[in-house]
Amino acid sequence: MPLIQNIVKNVLPALAISDEALPALIEREYTENTLIICDPYNYPEFGRYVRKALVTSCSQNVIKEIVRTYSYDKILAVGGCTVLDIARACAGHAALICFPTILSTTCISCNRSKIQFTNGYRLIKTKQPLKTIISIPYLLQSKEEDLIKWTQSGFGDLFANISASIDLQYQQRDLEIHKIRGNVIESFKALDWVVDAFNGYDEKCLKTLARYLHHSSIEVIKRNNTKLSSGSEHLLYHTIIKKNRPAVSATHGQIVGIGTLITAKVFSTLTGDDTLFDSLKESFHQLQLPANFGQLRQIGIGKDAIIESLQAIPAKSGILGDYFSNASSFDILDSIFGI
């Protein structure tokens, strides 16, 4: 079965934010020919369901094994990004319903999957879900440190849309802030909400973030590309991962947040307008996302690692590649992370 499937046109995934427990939501959607795909953390929860597949990686071989082993007309994907990626790739003509158990990235409702092939990871177009269902009680039962870490990551990945918009406008040689904002209006609304209304990682925060992450996924489907989801900040992310091996505890959103802040500061340097950078820095402070050298060292990323990674980004790849490819000084990093 091919990994890339035909998508039903003009039908966008729905979002349901529920106050019901996750097992009750699963029970309602489970039918005779349903396959549950889940991660090790959630696998024990579904012991009475015979038709379930355990997923621990995004390997192409996992997809082939599931497609070869099971027959199904519906998939319930229960877990984080790895599970959602695999389920989308396996869905084919089956109905797909996603149950994200963490709100850590903008991928909760999209039609893209990051899959590991023999020659490395690739982002491929896959099946979009019919709907995404989020159990708020399930999220709130997490340990406080886990809830904060993963929800932080979701905001960090969401704000990367702003960085990607700067990058896109930079490549079009038009850094008008109203155009940068207009490309990703909902991401700017999320930024404004954090600055003005965030009051802790509570139920209101989770519901708000879920809506913004879902909207970001919908925009990828509607645009049919990821240009406004992944820019130079993600190039920096991949370089940091490859070169420096951050601490296991570092999340995707925490690391892309580094590039988002740097991109925003470069934007302010080029335009003389610090407003966006100041808002992002304030939001990082509110959310407790790593935003200074001390906090970055705690997730295994020091100043030297950032400099080395910035130097490795190719020129003409975007705003960070152009700005830092021949840089003789990296003092700008002190103005971003030194306070």
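Read-outs: derived from the displayed coordinates by stated rules, not from any lab. Keep in mind it's a predicted model, so treat the numbers as computed, not measured. Reconstructed Cβ throughout: ideal geometry from the backbone, glycine too, with neighbour counts over all protein chains shown.
Place a +1 charge on the Cβ of each Lys and Arg in segment 143-337 and a -1 charge on the Cβ of each Asp and Glu, then give the dipole magnitude about the Cα centre in debye, rounded to the nearest 20.
Value, rounded to 20: 600 debye.
So what's the net charge close to GLN298: Lys and Arg +1, Asp and Glu -1, counting the other residues with Cβ under 14 Å from its Cβ? Write out the running numbers ahead of the final one.
On the way: positive: LYS149, ARG297, LYS303; negative: GLU145.
With Lys, Arg at +1 and Asp, Glu at -1, the neighbours total +2.
For PHE337, PHE267, which order do you get if you count the other beta carbons within 10 Å of each Cβ and list the fewest first?
PHE337, PHE267
In whole Hz and in residue order, list the ³J(HN,Hα) couplings for segment 23-39 that follow from phi through the Karplus curve 6.51 cos²θ - 1.76 cosθ + 1.60, θ = phi - 60°; x for Gly and Pro.
Residue by residue, segment 23-39 yields x, 5, 5, 5, 4, 5, 8, 6, 10, 4, 10, 9, 10, 8, 10, 8, 9 Hz.
Pick out which of ASP202, ASP157, ASP304 has the largest mean-square fluctuation in a Gaussian network model of the chain, springs linking Cα atoms closer than 10 Å.
ASP304
Whats the longest run of the chain with zero trypsin sites (Lys or Arg not before Pro) that are DSSP loop and have at most 11 other Cβ atoms within 10 Å?
Working: sites that count: LYS9, ARG48, LYS143, ARG173, LYS316.
Formally, the longest exposed-site-free interval is 174-315.
Lys and Arg at +1, Asp and Glu at -1: add these up for the other residues within a Cβ distance under 13 Å of THR263 and post the number.
-1
When each pair of different Cα atoms in segment 143-337 is counted once in the 1/r mean, what is the Kirkwood radius in angstroms, to one decimal?
Mean inverse Cα-Cα distance, inverted, gives 16.6 Å.
All other residues with a Cβ under 13 Å from the Cβ of ILE307 taken together, and with Lys, Arg as +1 and Asp, Glu as -1, what is their net charge? Please report the intermediate quantities before stating the final value.
Values: positive: LYS243, LYS303; negative: ASP304, GLU308, ASP331, ASP334.
Within the 13 Å Cβ shell, the charges total -2.
So, how do all the Cα-to-Cα distances of the chain break down into 10 Å bins, in percent, from 0 on up?
All Cα pairs considered, the percentages come to 6, 26, 33, 24, 10, 2, 0.
Could you line up PHE159, PHE188 from fewest to most neighbouring Cβ atoms inside 10 Å?
Ordered from fewest to most neighbouring Cβ atoms within 10 Å, PHE159, PHE188 come out as PHE188, PHE159.
Arrange the following residues from fewest to most other Cβ atoms within 10 Å of their Cβ: VAL195, VAL55, VAL220. If you can, show how the numbers build up before the last one.
Values: VAL195 15, VAL55 26, VAL220 23.
With the sparsest Cβ surroundings first, the list reads VAL195, VAL220, VAL55.
Could you give the dipole magnitude of the chain about its Cα centre, charging the beta-carbon of Lys and Arg +1 and that of Asp and Glu -1, in debye to the nearest 20?
Rounded to the nearest 20 debye, it is 1300 debye.
Mind putting together the pair-distance distribution for segment 139-237? All Cα pairs, 5 Å bins, whole percent per bin, short to long.
Spelled out per bin, shortest first, that is 2, 12, 22, 23, 18, 12, 6, 3, 1, 0.
Helix-only estimate, please: 222 nm mean residue ellipticity of the chain, summing -39500 (n - 2.57) across DSSP H runs of length 4 or more and dividing by its residues, to the nearest 500.
Counting only the DSSP helices, I get -16000 deg cm²/dmol.
So which of LYS114/LYS242; LYS131/LYS179; LYS179/LYS281; LYS114/LYS204; LYS149/LYS316; LYS74/LYS149 end up more than 24 Å apart, counting from Cα to Cα?
Among LYS114/LYS242; LYS131/LYS179; LYS179/LYS281; LYS114/LYS204; LYS149/LYS316; LYS74/LYS149, the Cα-Cα distance tops 24 Å for LYS131/LYS179; LYS114/LYS204; LYS149/LYS316; LYS74/LYS149.
Relative contact order, percent, of the chain when contacts are C-alpha pairs under 8 Å separated by at least 6 residues?
So the answer I get is 16 percent.
Taking only Cα atoms of segment 14-139, what ratio of Rg to Rh do you get with Rh as the Kirkwood inverse-distance radius?
Rounded to two decimals, Rg/Rh equals 0.93.
Specify which residue in the list ILE185, SER71, ILE306 is farthest towards the positive end of the charge dipole of the chain, using unit charges on the beta carbon of Lys, Arg (+1) and Asp, Glu (-1), about the Cα centre.
SER71
Roughly what % antiparallel, to the nearest 5, for the DSSP beta bridges in the chain?
Counting only bridges with both partners in the chain, antiparallel ones make up about 20 percent.
Is there a quick way to get the dipole size of segment 2-121? I mean about its Cα centre, with the Cβ of Lys and Arg at +1 and of Asp and Glu at -1; what is the value in debye to the nearest 20?
Value, rounded to 20: 420 debye.
Enumerate the aspartates and glutamates that LYS222 could reach by cross-link, defined here as Cα to Cα under 17 Å, with residues fewer than 8 away along the same chain left out.
Here the aspartates and glutamates satisfying the reach criterion relative to LYS222 are GLU186.
Compute the helix-to-body angle for 232-244: its Cα long axis versus the longest principal axis of the chain, expressed 0 to 90° and rounded to tens.
80 degrees
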